[in-house]
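Data block below; observations after.
The values are calculated or read from the model by the stated rules, or taken from the named source; none is laboratory data. Note that the coordinates shown come from a computational prediction; the quantities given were computed from them, not determined experimentally. Cβ: placed from backbone, ideal geometry, glycine included. Neighbour counts: every protein chain shown.
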């Protein structure tokens, strides 16, 4: 969504060639950018990082208001959506936030909300930060245990939406 004009043209060409199209997005782009690509997109992989706007701003540098509005626009379009939730211990995995997120997902549940993917935090990309001499701000954050992720899978299955571990 950082290059919406290019994305639009690529999606159009893919649809003309009868390809299934998917857009993986953080949701942070102008609503008009989504409205233009929706007709050419079959599936949206949509990240929800935190529902608390102050915490979302603290950890991502942007408000989640635009993101949640864009999610609703996409859901209203009846295009298929998979919610991707990165599980980051100490940041978005506290019980209060998880209950708010589960309630939110039940509220927006519709036929085209196909799946919730739980994405356990990992350190795979941390070496790139050193390579590019960028501070790695996640030092000290441990990946969630497999048992914790299984608990969260069961917890989110109560929404009635299919839940998958991993992307």
Meets criteria (crowded, with 17+ Cβ neighbours inside 10 Å, part of a helix (DSSP H, G or I) and on the phi < 0 side of the Ramachandran plot) for residue 8: no
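If I go through the stretch 11-34 residue by residue, how many of them are closer than 20 Å to residue 66 by Cα and either surrounded by 12 or more Cβ atoms within 10 Å (Cβ to Cβ) or in contact with a strand residue (DSSP E or B) (Cβ under 7 Å, 6 or more places away or on another chain) (or both)?
Going through the stretch 11-34 one residue at a time, the tally reaches 11.
Taking the stretch 63-103 as the region of interest, how many residues are surrounded by 14 or more Cβ atoms within 10 Å (Cβ to Cβ) and either in contact with a helix residue (DSSP H, G or I) (Cβ under 9 Å, 6 or more places away or on another chain) or assigned to a helix (DSSP H, G or I) (or both)?
Result for the stretch 63-103: 25.
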Of all residues making up the stretch 12-35, the number that are within 20 Å of the chain's Cα centre (by Cα) and in a helix (DSSP H, G or I): 5
Residue match in the stretch 114-121 (condition: in contact with a helix residue (DSSP H, G or I) (Cβ under 7 Å, 6 or more places away or on another chain), within 22 Å of residue 70 (Cα to Cα) and either modelled with pLDDT of 95 or more or surrounded by 14 or more Cβ atoms within 10 Å (Cβ to Cβ) (or both)): yes
